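Student: Below is a structure I'd like to ask you about.
The values are calculated or read from the model by the stated rules, or taken from the named source; none is laboratory data. Everything quoted here is computed from the prediction, not taken from an experiment. Here the Cβ positions follow ideal geometry from the backbone for every residue, glycine too, while neighbour counts run over all protein chains shown.
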Amino acid sequence: MDGGNAQQPGIWQNLILLVPIILILVYSIWRRRQRASTKLEVAVGLLSHINHNIKVTESYLKDWRSMKKFKTGNWLKHKDKMGFLDPAIQTAVNEAFNMANDFNQQIDGARRSKTASYVAGLPVEKLREPLTKAKQGIVVWVQANIQTEMWQGRRRGLFG
């Protein structure tokens, strides 16, 4: 008998096994987050934000004290990746989101000063036309390209 001192694996033996597993997990998560967005993902993301902004515009026109912010994050992230869209649609998208960004800054100022009077005179109705034009153009592009884009976006193997 060994006196009850059975040899247990040391911390270094376990660490040698755990480190590669952890590195593989971290790499796979990082790779998923860093992969390039497809044209379809960019278009659908923009369309989602446009739909939200149309709703915010309508609610603002009904009650200007709502002070809801417009979504611009997707556009900020992908504004350099819109080359696949018609130039007129790109212009409408950029115009709408630039205006929304400006309105958000004014809404932030109103919240900081704790007064809604700053947003009373926002010309939110000017957002309707570029948002509607951008939405129509993106919907037409998605309808025309959804089959092609979905086929190209399929994974080609186990890791990619």
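One line per residue, one yes/no per condition, for (1) at pLDDT below 90; (2) surrounded by fewer than 18 Cβ atoms within 10 Å (Cβ to Cβ):
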{"residue": "Leu76", "(1), (2)": "no, yes"}
{"residue": "Pro87", "(1), (2)": "no, yes"}
{"residue": "Val93", "(1), (2)": "no, no"}
{"residue": "Asn98", "(1), (2)": "no, yes"}
{"residue": "Gly109", "(1), (2)": "yes, yes"}
{"residue": "Lys114", "(1), (2)": "yes, yes"}
{"residue": "Val124", "(1), (2)": "yes, no"}
{"residue": "Ile146", "(1), (2)": "yes, yes"}
{"residue": "Gly157", "(1), (2)": "yes, yes"}
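Student: What's the number of the only condition in (1) surrounded by 13 or more Cβ atoms within 10 Å (Cβ to Cβ); (2) more than 20 Å from Lys126 (Cα to Cα); (3) at pLDDT 90 or above that Glu41 fails to meet?
Tutor: (3)
Student: Residues that are among the hydroxyl-bearing types (Ser, Thr, Tyr): find the helices (runs of 4 or more DSSP H) completely inside the stretch 34-124 holding 3 or more of those. Before you say what the answer is, go through the steps one by one.
Tutor: Values: elements: 39-62, 73-78, 87-113.
Ranges flagged: 39-62.
Student: Continuing with the same structure: Is there any pair with a first residue in the stretch 64-79 that is touching a residue at least 24 places away in the same chain (Cβ under 8 Å) and a second that is loosely packed, with under 13 Cβ neighbours inside 10 Å and among the hydrophobic types (A, V, I, L, M, F, W, C) whose Cβ atoms are under 6 Å apart and which are 6 or more apart or on different chains, and what are they?
Tutor: From residues that are touching a residue at least 24 places away in the same chain (Cβ under 8 Å), the pairs are Trp64/Ala120.
Student: Please verify whether the stretch 59-74 includes one or more residues that are under 25 Å from Trp141 (Cα atoms) and surrounded by fewer than 16 Cβ atoms within 10 Å (Cβ to Cβ). Show your work before the answer.
Tutor: Step one: list which residues in the stretch 59-74 are under 25 Å from Trp141 (Cα atoms), which gives 70-74.
Still in the running and surrounded by fewer than 16 Cβ atoms within 10 Å (Cβ to Cβ): 73.
Looking through the stretch 59-74, at least one residue is under 25 Å from Trp141 (Cα atoms) and surrounded by fewer than 16 Cβ atoms within 10 Å (Cβ to Cβ).
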